[in-house]
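What follows is a set of notes on a single structure, which appears directly below.
The values are calculated or read from the model by the stated rules, or taken from the named source; none is laboratory data. The model shown is predicted, which means the values in this text are computed figures rather than measured ones. For neighbour counting, all protein chains shown are included, and Cβ atoms are generated from backbone atoms with ideal geometry for every residue, glycine included.
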Amino acid sequence: MKITSAEFVMSNSNVAKCPNEPLPEYAFIGRSNVGKSSLINMLVDRKGLAKTSGRPGKTQLINHFKINNNWFLVDLPGYGYARVSKKDKKVFQKYITEYFQKRKQLVCGFVLVDIRHDPQPVDLEFMEWLGTHQIPFAIIFTKADKLKPAIIEKQAGAYLQKLLDGAWEEVPPHFITSSANRTGKDELLNYIDGINKEFFSS
Ligand SMILES: Nc1nc2c(ncn2[C@@H]2O[C@H](COP(=O)(O)OP(=O)(O)O)[C@@H](O)[C@H]2O)c(=O)[nH]1
Ligand SMILES: [Mg+2]
């Protein structure tokens, strides 16, 4: 798929106020600094479209970008737990769970994980939460440029094997990417293109 246009539409923390056009939407989620904003910029070839930062983000907003006038990419802030003081129970931040539960246009969530790291509890719990709520998602391994080529597939394979050793019966679709050297761009855009075609033909 060729990207012909990419524009920022709006930021907000209220799911009800997100764009109401019936267009397919893809959301990027993961811990702060995993590379969500960089990946969006890399995919659409627009440096600085999504704000990137060396420091974990402070703003908690849902950012919509309209691509090719036909579908949306959504940049979310890093997730983490919000403590429910009463029972001291850990839950995900409200705007994130609301977004994933209420957003009808969402066709796929992309859960980003740093390819250098072993599975982290917060990522595993979020994937489990998505599974429980039957929200389709794929895993995107980021920062592949930080590993030697021979190690990349091995590290991704080990990560997926740990999912299989845990609660998952099969591994979700997954992609190996690097925003720094543009690895995985065509694969991801093809994947999105396929889902878009299904969306518009149904
Ligand atoms: N080496 C390398 N660094 C990256 C890559 N993607 C993001 N970064 C760096 O990681 C930091 C966080 O990136 P950002 O996109 O803001 O992460 P976000 O918080 O998940 O949106 C920045 O310093 C980026 O330059 C990548 O593919 N390779
Ligand atoms: Mg970001």
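If I filter the range 126-170 down to residues being hydrophobic (A, V, I, L, M, F, W, C) and assigned to a strand (DSSP E or B), which single residue comes out as farthest from the chain's Cα centre (by Cα)? The selected residue is PHE141.
Yes/no per residue for (1) within 16 Å of ligand 2 (Cβ to nearest atom); (2) modelled with pLDDT under 95:
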{"position": "ILE3", "(1), (2)": "no, no"}
{"position": "ALA16", "(1), (2)": "no, yes"}
{"position": "ALA27", "(1), (2)": "yes, no"}
{"position": "GLY30", "(1), (2)": "yes, no"}
{"position": "ASN33", "(1), (2)": "yes, yes"}
{"position": "SER37", "(1), (2)": "yes, yes"}
{"position": "ARG55", "(1), (2)": "yes, yes"}
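Of the residues making up the range 41-53, those that are modelled with pLDDT of 95 or more and touching an Asp or Glu at 6+ places or on another chain (Cβ under 7 Å) number 0.
For TYR159, the conditions (1) touching a Leu at 6+ places or on another chain (Cβ under 8 Å); (2) more than 23 Å from LEU43 (Cα to Cα); (3) surrounded by 15 or more Cβ atoms within 10 Å (Cβ to Cβ) all hold with the exception of (1). The residues on offer are VAL113, VAL91, and the sole one that is assigned to a strand (DSSP E or B), surrounded by fewer than 19 Cβ atoms within 10 Å (Cβ to Cβ), of a type in the set (Val, Ile, Thr) and touching a strand residue (DSSP E or B) at 6+ places or on another chain (Cβ under 7 Å) is VAL91.
For PHE72, the stated conditions do not hold, so it cannot be described as assigned to a strand (DSSP E or B), of a type outside the set (Lys, Arg), within 11 Å of ligand 2 (Cβ to nearest atom) and modelled with pLDDT of 95 or more.
Against the criterion of being within 24 Å of GLU7 (Cβ to Cβ), in contact (Cβ under 8 Å) with a residue 40 or more places away in the chain and not polar (S, T, N, Q), PHE126 does not qualify. Checked against (1) of a type in the set (Lys, Arg); (2) near ligand 1 (Cβ under 8 Å from one of its atoms); (3) over 18 Å from the mean Cα position of the chain (by Cα), LYS2 passes all but condition (2). Evaluate the range 38-50: report whether one residue or more is touching a residue at least 60 places away in the same chain (Cβ under 8 Å) and either touching a strand residue (DSSP E or B) at 6+ places or on another chain (Cβ under 6 Å) or among the hydroxyl-bearing types (Ser, Thr, Tyr) (or both). Within the range 38-50, one or more residues are touching a residue at least 60 places away in the same chain (Cβ under 8 Å) and either touching a strand residue (DSSP E or B) at 6+ places or on another chain (Cβ under 6 Å) or among the hydroxyl-bearing types (Ser, Thr, Tyr) (or both).
Among residues of the range 173-202 being of a type in the set (S, T, N, Q) and surrounded by 17 or more Cβ atoms within 10 Å (Cβ to Cβ), the one that is farthest from ligand 2 (Cβ to nearest atom) is ASN196. If you filter the range 81-121 down to residues that are of a type in the set (A, V, I, L, M, F, W, C) and farther than 21 Å from TYR26 by Cβ, you find that the one that is farthest from the chain's Cα centre (by Cα) is VAL84. Of all residues in the range 149-195, those satisfying the criterion of being of a type in the set (Gly, Ala, Ser) and in contact with a strand residue (DSSP E or B) (Cβ under 6 Å, 6 or more places away or on another chain) are ALA156, GLY184.
Would you say LYS94 is at pLDDT below 95 and of a type in the set (Lys, Arg)? Yes: the conditions hold for LYS94. Restricting the range 28-48 to residues that are in contact with a helix residue (DSSP H, G or I) (Cβ under 7 Å, 6 or more places away or on another chain) and in a helix (DSSP H, G or I), the residue that is farthest from ligand 1 (Cβ to nearest atom) is LEU43.
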